[in-house]
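Enquirer: This structure is in structure tokens; I'll ask about it shortly.
The values are calculated or read from the model by the stated rules, or taken from the named source; none is laboratory data. Remember, predicted model here, so these are calculated numbers, not experimental data. Cβ: placed from backbone, ideal geometry, glycine included. Neighbour counts: every protein chain shown.
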């Protein structure tokens, strides 16, 4: 198993060891001791799963007072997964990293607490699973506009994304900076 740092050191790509034979394959999707050695030593308390069609963009989402760390993977299909540093005191505040996660490559993205998260679906459909380090609280959720020009995410989209009304109306990062903790 490999834990690969990204351009923002706290965010990591996890590449599992995959064991293949004539019957198919096997891999450990999560192993607490191995992940702790790799730098992901948070307990997970909630699993979320979504099913989306091509062109769907979910995000950017975070929780303000009880931020969630998220370990994200695509169970089917392919997504472009993004983490944005929203910790005001961080040297990488407002920067983003992204990775292709797919059922084929089986990579995972570790999105630490204090980051906003979002993804775009690149295949006909995608099923996404993410493990969270704190429980979701609707009253603590914040959103950031997916195409905030100050963040400048380079989404690999061929047409405008399919957004929820809430995501389409989300504020820019600069508009909520004073509400952020960290």
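Enquirer: Does residue 77 qualify as being modelled with pLDDT of 95 or more and either farther than 18 Å from residue 5 by Cβ or within 15 Å of the chain's Cα centre (by Cα) (or both)?
Expert: Spelling it out, residue 77 is indeed modelled with pLDDT of 95 or more and either farther than 18 Å from residue 5 by Cβ or within 15 Å of the chain's Cα centre (by Cα) (or both).
Enquirer: Report whether or not residue 4 is loosely packed, with under 15 Cβ neighbours inside 10 Å and part of a strand (DSSP E or B).
Expert: The answer is yes for residue 4.
Enquirer: Among 28, 15, which is at pLDDT 95 or above and either farther than 26 Å from residue 167 by Cβ or in contact with a helix residue (DSSP H, G or I) (Cβ under 7 Å, 6 or more places away or on another chain) (or both)?
Expert: Every option except 15 fails the conditions.
Enquirer: Residue 172 - would you say it is free of Cβ contacts under 8 Å to residues at least 40 places away in the same chain, surrounded by 12 or more Cβ atoms within 10 Å (Cβ to Cβ) and either closer than 18 Å to residue 85 by Cβ or touching a strand residue (DSSP E or B) at 6+ places or on another chain (Cβ under 8 Å) (or both)?
Expert: Against the criterion (free of Cβ contacts under 8 Å to residues at least 40 places away in the same chain, surrounded by 12 or more Cβ atoms within 10 Å (Cβ to Cβ) and either closer than 18 Å to residue 85 by Cβ or touching a strand residue (DSSP E or B) at 6+ places or on another chain (Cβ under 8 Å) (or both)), residue 172 qualifies.
Enquirer: Report, by residue number, each residue of the range 110-137 that is crowded, with 18+ Cβ neighbours inside 10 Å, out of contact with any helix residue (DSSP H, G or I) (no Cβ under 9 Å at 6 or more places or on another chain) and assigned to a strand (DSSP E or B).
Expert: Within the range 110-137, 111, 115, 117, 119, 120, 121, 126, 128, 130, 131, 132 qualify.
Enquirer: Output the residue which, of all residues in the range 7-39 that are out of contact with any strand residue (DSSP E or B) (no Cβ under 7 Å at 6 or more places or on another chain) and more than 30 Å from residue 92 (Cα to Cα), is surrounded by the fewest Cβ atoms within 10 Å (Cβ to Cβ).
Expert: Filtering the range 7-39 for residues that are out of contact with any strand residue (DSSP E or B) (no Cβ under 7 Å at 6 or more places or on another chain) and more than 30 Å from residue 92 (Cα to Cα), the one surrounded by the fewest Cβ atoms within 10 Å (Cβ to Cβ) comes out as 22.
Enquirer: Show me the strands (runs of 3 or more DSSP E) entirely contained within the range 68-109 in which 1 or more residues are surrounded by fewer than 18 Cβ atoms within 10 Å (Cβ to Cβ) and in contact with a helix residue (DSSP H, G or I) (Cβ under 8 Å, 6 or more places away or on another chain).
Expert: Passing ranges: none, list empty.
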